[in-house]
Every structure is written in structure tokens, then in C-alpha cells.
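The values are calculated or read from the model by the stated rules, or taken from the named source; none is laboratory data. Remember, it's a predicted structure, so these values are computed and weren't measured experimentally. Cβ: placed from backbone, ideal geometry, glycine included. Neighbour counts: every protein chain shown. Heavy atoms of the whole protein, side chains included, go into the accessibility calculation; ligands, DNA and RNA do not. Shrake-Rupley method; radii C 1.70, N 1.55, O 1.52, S 1.80 Å.
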Amino acid sequence: MADTAEKRTITVFGARGAQGGALARAILSDPAGEFRVRAVTRQPDSDGARELARLGAEVVQADMDDAETLVPAFEGVYGAFLMTNFWEHMSAEREKAQAAAIAGAAGHAGVQHVIWSTLEDTRECIPLDDDRMPTLQGSYKVPDFDGKAEADHYFTDAGAPTTFLRTTFFWENLLTTSAPQRGEDGILRLNFPMGTSRLSGIAVDDIGKTALAILKRGTDLIGATVSIAGEHLRVADMARALTETLGEPVEYLPLTPDAYRALDFPAAEEAGNMFQFYADCEERFTRARDLAAIRELNPELQDFATWLAAHRDALRTP
């Protein structure tokens, strides 16, 4: 294990959440002990922040909406994992402003390796004038994707040496927002507007492990775009795997995109467009995520069956 004095510090945004939390855990549990974690949060007194501190992280307070608070987060660090959370406010413009702030702070501090968690620009596949799906927030097809993609240049403009890490659907969503729903007939169903197209999914822990592997590669992947997934599966096949795991039938209900967008929850339009993008642009999206290449970076990469086995109890629905 590396001597504490020799460890290089990695600033981790979103350290109490899914992606940042996965990287923080990966670093803190890494037997090689090459890095230490500086966990950034707006709530340093929260239970999650205290737990990170207990595990050995340095916890600092900062707010992406307040550029002045960002300076201490980057002082003296080697690297940084940077991300924004669209779902917190659902505004692509606010997300871009936050990305510009953290990119500028990282560049100004001279951070040697930034990993920016980003996504594709969906308009390269489905242009704004394509009426297959509605345009949202004035100039986006999938604001969660397109805003991040537009923000990519902030990092190069700021002179921050950056690896662009493109993620995908988290299988952990099956425990929350995309969990199978039990109908009045008692049958569990997955409701996705994916038809027979494959959905690229990944375990959140593998985002952290892959990000750590990128940091360990030094400068090799600076300037590169690394697109990741754990497996590409049709939703009907996911339903069959869930059936086997849960020991009861799980059916796939393939809604149309319009029917999904009409569902009664706040982000239905955004989510409907996102799934339609996954479906309509399946070939280019999955082709960008070479599972063999990802496994070279992260040999522990989980497929869906492995993830299901680890989450069997959490998946059980009353």
C-alpha cells in the first residue's frame, strides 16, 4: 500500500450519490492505495458525508452554483471526478452553468487529470427538426444528454486535461424509478418504450471502478472519450432474467414513446425521449460501448445476471 504522504488526492463531486459514491468507495477500498478522496458535498454534516469521513475521505463543502466555494475543493489535488445532476433540477441550462463553473475551477487549479461524466448529444442522431420526438427546453431532444454534451468543450477550453466518460442506464434504477410495477392482476411488469431494441445498462459500482482504472492509467486516456456499459440487453430478456431471479413472472410491457411521455410523473417527457433515443439510435449507442474493451479497463465488470444475483433481496417487491 502506498504511504499516506505519497498518495495523490482525487476530488470527487457527487460523492454522496451514485457515480461519485461508487468512485469514492473504489478508491477507499483499493488495496493498492494510490489515491485519497476529497469528497465534495453541499451538506458536510449529513449522515452520508460522515460515513465517507469515517471510511477515510476528506470531506469539503462546495456548491456548483457558487463558483467561489469551488476553489478549496481543487487546491493541491492531482485529479478530479466531475459530474452534474440533471435530475435534481431538470434544467439543461443550469447543468451547463454548473459544468462551466467546475471546469473553470479545475483548469484554474491546474488539476492534472479530470474525468468528466458526460453523455452523447442525441441531436446527432435525432436532429431538432425530426418530429419523431418533441423538442424540450427550447433546443434539446434529451436535455439530460444534450446539456452534458454541450458542456464537454468547457473542460478543454479551461485547459483541464480531461477524459470524457460516457455512461448509460443504471441497473440500480430498477430498484427505484424504473422498478417493475405490480398491476391490479398481481403481475409485475417492466414498462419501457424500447420495443425490441437493446438497452445498454451498467452497475453503478462499475462506473466507479472504471473511473479508478482510468486514473491509474495516468495520461493514457486524457483527451479520450470512454463509453461504458456492462451489457446490452433487450428489455424482454431483462424481464426473463428478473423472473428467474425473483421466482415469479415479470412481463415486459413495451409502451410506445408517446404513451410513456404521457405517463403521470414529472420527468415523463424527458425519460420518454431518453428511452426513444436508446431505441431509435441503438446501433450507434451500443457500438460505442465495446464490452471487451471496457472489461480490459475493469476486469470485474458485471453483466446483468451478476448484478441481479447481488441485488436479489432488494428487488423483491411486496
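Selection of helices (runs of 4 or more DSSP H) fully inside segment 70-129 by the criterion of at least 1 residues being more than 21 Å from residue 17 (Cβ to Cβ) returns 71-74, 92-109. Of the helices (runs of 4 or more DSSP H) lying entirely inside segment 216-318, the ones with 2 or more residues being touching a His at 6+ places or on another chain (Cβ under 9 Å) are found at 282-287.
When segment 187-199 is examined, which residues are found to be in contact with a helix residue (DSSP H, G or I) (Cβ under 9 Å, 6 or more places away or on another chain) and either aliphatic (A, V, I, L, M) or open to solvent by less than 40 Å² (accessible area, probe 1.4 Å) (or both)?
Narrowing segment 187-199 to residues in contact with a helix residue (DSSP H, G or I) (Cβ under 9 Å, 6 or more places away or on another chain): 188-199.
Result: 188, 190, 192, 193, 194, 195, 197, 199.
Within segment 264-279, the set of residues being modelled with pLDDT under 95 and open to solvent by 70 Å² or more (accessible area, probe 1.4 Å) comprises 264, 265, 266.
Just a yes or no: is a residue in segment 149-158 charged (D, E, K, R) and in a loop (DSSP other than H, G, I, E, B)? No, segment 149-158 has no match at all.
Which of the following residues is out of contact with any helix residue (DSSP H, G or I) (no Cβ under 9 Å at 6 or more places or on another chain) and open to solvent by 10 Å² or more (accessible area, probe 1.4 Å): 184, 172? Spell out the reasoning first.
Numbers: 172 fails: out of contact with any helix residue (DSSP H, G or I) (no Cβ under 9 Å at 6 or more places or on another chain).
From the options 184, 172, the qualifying one is 184.
Take the residues of segment 127-148 that are among the hydrophobic types (A, V, I, L, M, F, W, C) and under 16 Å from residue 87 (Cα atoms): which is most open to solvent (accessible area, probe 1.4 Å)? Applying the filter and picking the extreme gives 136. Got at least one residue in segment 297-314 being within 15 Å of residue 192 (Cα to Cα) and out of contact with any Pro (no Cβ under 7 Å at 6 or more places or on another chain)? Checked segment 297-314: no residue is within 15 Å of residue 192 (Cα to Cα) and out of contact with any Pro (no Cβ under 7 Å at 6 or more places or on another chain). Within segment 1-53, the residues that satisfy the criterion of being open to solvent by less than 50 Å² (accessible area, probe 1.4 Å) and hydroxyl-bearing (Ser, Thr, Tyr) are 9, 11, 41, 46. For residue 67, the conditions (1) open to solvent by 20 Å² or more (accessible area, probe 1.4 Å); (2) farther than 24 Å from residue 154 by Cβ all hold with the exception of (2). Taking the numbered list (1) closer than 18 Å to residue 307 by Cβ; (2) over 18 Å from the mean Cα position of the chain (by Cα); (3) of a type in the set (Val, Ile, Thr) in turn, residue 187 passes all entries but (1). For residue 314, the conditions (1) touching a residue at least 40 places away in the same chain (Cβ under 8 Å); (2) closer than 25 Å to residue 226 by Cβ all hold with the exception of (2).
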